[in-house]
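Asks: Dumping the structure here so I can ask a few things about it.
The values are calculated or read from the model by the stated rules, or taken from the named source; none is laboratory data. If you're wondering where the values come from, they're calculated on a predicted model, not measured in any experiment. FYI the Cβ positions are ideal-geometry reconstructions off the backbone, even for glycines, and counts take in every protein chain you see. Just so you know, the surface numbers come from the protein's heavy atoms only, side chains and all, with ligands and any DNA or RNA stripped out. Shrake-Rupley method; radii C 1.70, N 1.55, O 1.52, S 1.80 Å.
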Amino acid sequence: MTQASPLQHDCPALGQGRAIRLAEGARPEITFYIDGTAAVAQAGDTVLTAILMSRRAVRHAEFGPEERAGFCLMGACQDCWIWTEEGHRLRACSTPIRAGMRLCLAPPDLWPAGMKANLP
Amino acid sequence: MSTVLIVGAGPAGIRAAQMLVQAGLHPVVVDEAARAGGQVYRRPPEGFLRTPAQLYGTEAGKAVRLHRDFDEMVARGQITYLPERSVVALSPKSAADGGGGVAHVLGTDRREVAYDRLILATGATDRLAPVAGWQQAGVYSLGAAQIALKAQGVSLGRRIVLAGTGPLLTLLAYQLVCAGAHVAQVLDTSPLGTQMRGGLRMAAARPWVTARGLRLRARLGRRYKAGVRLEEITGGVGGVEAIRWRDARGHSHMTECDMVGLGWHLRADGHLPDLAGAEFTFSPVYHQWMVQADELGRAGAGLYLAGDGLAILGADGAELAGALAAIACLADLGLSHPSPVGLLRRARRMARFAEGLAQAFPWPAHAVATLSHDTVICRCEGITAGCLRQTATLSGPDANRAKSLSRVGMGRCQGRYCQLAGAEIVAAATAQDVADIGRLRAQPPVRPAPIGAWLRPAGCATDPAARLAPGQRQIPLPDRDI
Ligand code: FES
């Protein structure tokens, strides 16, 4: 539905996600979607963890060229807000991942054009 | 029966609730987490398998007791527990109107919780000093890296540098190393001499705790460097790639990494106390604004503070402060309560330790004041030190005017991660003491809230099953929040 996310670069060194599991790696797997592409998480992951297993970041900064991957993980900095395909927003660090979730790392098409115009 | 609202279910909030329950009250406890415990004793989601010893190390016993005591109060129906909800605004009533007030509580629904007395145990966040390049993906607060490890079992990078100062710097490095993460470097901005002077006071107050910190530090070996100056976090498309720093002798180093954790001890969270009407003073010890309160935590009529939001004493001190705030509340209600004397004695020892700690691991005021013009101060909106300095010539030495003109402090973190640095820069630019710049006034809502939540009336009950007034319906939030 959304065009390929710029967060999905294919630089070989960056092919892996940011997060790595050090413990608790044997929970049931669930499938969800990042910008229309299927991805795998484990039950109990936050949305932020789930995305960072295969990505380096979760969104673009609105006011700079850089990407963002969360900052505080405790719901205080608001760095990690992303979108669902239906246009809802959610705070990735404090939202548990659920099977079948369809997430967008940029505002989905139904967002007002003005909100998207400022994005790099 | 008086309704006491407790905000926060960490060590302070839990011990406050317990003290009230023992006195026969039925407090309401609102907490943002899915499971009570707070940050230090944060619990992973259901289904995670690590033992308390693996999660909390030497503090496992305390964590288990705290969790158990809270869960028992919930199971026995002794408290009304509202997890996964934030108090985003307060409407306090004047003493002439009988005091108390209404808390606006937001989760998947919005509720208004009327209270007679309010205990705020909202804790602290990491205290952040900007470093050039800290806006990039892969820079996290130290607390974030600890939450990732504790509550998710993940590391946020393959090659990690931790920088800043304070007890969490060492503790987290040790925890990450034990968990198998690759910690390349631990960069402490506090010089060893400073640490030693404060450390003596720490050891005098709590020798065992101080020794434990030193033992952890020793385990880090040559990775740990003291008296460091952080220069820049560099990166590219995928986020952080390296950090440039100078050692205590002034030699320049570059350490490759894909994650940097930053933190300079803690910053007491003042948003809700401010909205509740508390007064603040600039504490030269903690080098930040702290709520004015008496020794038990009384901060106003019917208003009590406990935990790191009151004084940054850490988890042990927070348990004491929670009990003390509840004792003050019971005393003010004219109810019988245990004597605070023993608890106060222990709390004073914690305070002496905390003061030594603040001296050992100071806020890097000078480094912040002299940050380069192009360093981003406000991560939310990418506003630089240069921009803030420019507006300071118009705003003068006033934190709130500087915020209005520059927007530093107006982004969606609401100043939590920029306001201390911002004040330092404005103070330097206007040649004033940072204490004279003032503090940013809190503005509701203190968390981002969908406007739709206010387009419909709120539920008024604290417990949908048992406490809805006749004819009242719980109103879910609209799906769409744009
Ligand atoms: S990472 Fe800070 S709010 Fe989610």
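Asks: On full extension of the chain, what length is gained from B:Thr393 through B:Leu49, given 0.36 nm per residue of separation minus the C-alpha to C-alpha distance?
Replies: 118.3 nm
Asks: Using a 1.4 angstrom probe with every protein chain in place, what is the largest-first accessible-area order of B:Met1, B:Met259, B:Met410?
Replies: B:Met1, B:Met410, B:Met259
Asks: Go through B:Gly10, B:Pro207, B:Pro27 and say which Cα lies farthest out towards the positive end of the charge dipole of the protein assembly as shown; charges sit on Cβ, +1 for Lys and Arg, -1 for Asp and Glu.
Replies: B:Pro207
Asks: If you don't mind, another one. Express the relative contact order of region A:6-109 as a whole percentage, based on alpha carbon pairs under 8 Å and six or more residues apart in sequence.
Replies: Normalised by residue count, the contact order of region A:6-109 is 29 percent.
Asks: Could you list the trypsin sites (Lys or Arg not before Pro) in region B:67-124 that lie in coil according to DSSP, counting only those with at most 16 other Cβ atoms within 10 Å of their Cβ?
Replies: Sites meeting the loop and neighbour criteria: B:Arg76, B:Lys93.
Asks: Counting other Cβ atoms within 10 Å of each Cβ, which GluC sites (Glu not before Pro) in region B:35-98 have at most 11 and sit in a DSSP loop?
Replies: Listed in order of number, the matching sites are B:Glu46.
Asks: Let me ask another. Using only the alpha-carbon atoms, how far is helix B:341-360 inclined from the longest principal axis of chain B? Give it as 0 to 90 degrees, nearest 10.
Replies: 20
Asks: Also, quick follow-up: Let me test this: with uniform point scatterers at the alpha carbons of the protein assembly as shown, what is the Debye-based log₁₀ I(q)/I(0) at q = 0.06, 0.10, 0.11, 0.12 1/Å?
Replies: For the requested q values the scattering log ratios are -0.29, -0.87, -1.08, -1.32.
Asks: By how many degrees, between 0 and 90 and to the nearest 10, does the Cα long axis of helix B:192-205 differ from the longest principal axis of chain B?
Replies: 30
Asks: For region A:6-109, what does the alpha-carbon gyration tensor say about shape, rounded, prolate or oblate, given a ≥ b ≥ c as the root eigenvalues, a/c under 1.5 as rounded, and a/b over b/c as prolate?
Replies: Taking the square roots of the gyration eigenvalues as a ≥ b ≥ c, region A:6-109 is rounded.
Asks: Which whole-number percent gives the relative contact order of chain B, counting Cα pairs below 8 Å spaced six or more residues apart?
Replies: For chain B, the relative contact order is 18 percent.
Asks: For the charge dipole of region A:6-109, defined by +1 on Lys and Arg C-beta atoms and -1 on Asp and Glu C-beta atoms about the Cα centroid, which residue among A:Ile82, A:Cys72, A:Ala38 has the Cα displaced farthest towards the positive pole?
Replies: Of the candidates, A:Cys72 comes out farthest on the positive side.
Asks: Whole angstrom only: what separates the Cα centroid of region B:1-50 from the Cα centroid of region B:239-308?
Replies: Centre-to-centre distance over Cα atoms comes out at 23 Å.
Asks: Mind checking region B:81-181 for chymotrypsin sites (Phe, Trp or Tyr not before Pro) that DSSP puts in a loop (not H, G, I, E or B) and that have at most 10 other Cβ atoms within 10 Å?
Replies: none
Asks: Count the net charge of all other residues whose Cβ sits under 9 Å from the Cβ of B:Gln359, scoring Lys and Arg as +1 and Asp and Glu as -1.
Replies: With Lys, Arg at +1 and Asp, Glu at -1, the net is +1.
Asks: Now a separate question. What do you reckon, how do B:His271, B:His182, B:His265 stack up by accessible area (1.4 Å probe), largest on top?
Replies: I get B:His182, B:His265, B:His271, largest accessible area first.
Asks: Treat every Asp and Glu Cβ in the protein assembly as shown as -1 and every Lys and Arg Cβ as +1, leave all other atoms uncharged, and give the resulting dipole magnitude about the Cα centre to the nearest 20 debye.
Replies: Charge dipole of the protein assembly as shown: 1300 debye, to the nearest 20.
Asks: DSSP beta bridges in chain B, what fraction antiparallel, as a percent rounded to 5?
Replies: Counting DSSP beta bridges with both partners in chain B, the antiparallel share is about 55 percent.
Asks: Using the crude model of +1 on Lys and Arg Cβ and -1 on Asp and Glu Cβ, and no other charge, please compute the dipole size for chain B relative to its Cα centre, in debye to 20.
Replies: 1100
Asks: Please report the spacing between the Cα centers of region B:337-380 and region B:150-214 in Å, no decimals.
Replies: Here the answer is 16 Å between Cα centres.
Asks: Full-extension gain between B:Ala114 and B:Arg229, please, as 0.36 nm times their residue separation minus the C-alpha to C-alpha distance.
Replies: Stretched out fully, the B:Ala114 to B:Arg229 stretch lengthens by 36.5 nm.
Asks: Just check region B:263-355 against the gyration tensor rule for me: Cα atoms, a ≥ b ≥ c as the square roots of the eigenvalues, rounded for a/c under 1.5, and otherwise prolate or oblate depending on whether a/b exceeds b/c.
Replies: Oblate, because a/c is 1.5 or more while a/b does not exceed b/c.
Asks: Mind listing the long-range amide H neighbours of A:Thr95? Cut-off is under 5 Å, sequence gap 5 or more, other chains count too, H placed in the peptide plane at 1.01 Å from N.
Replies: Those qualifying (amide H under 5 Å, at least 5 residues apart or on another chain) are A:Val47, A:Leu48.
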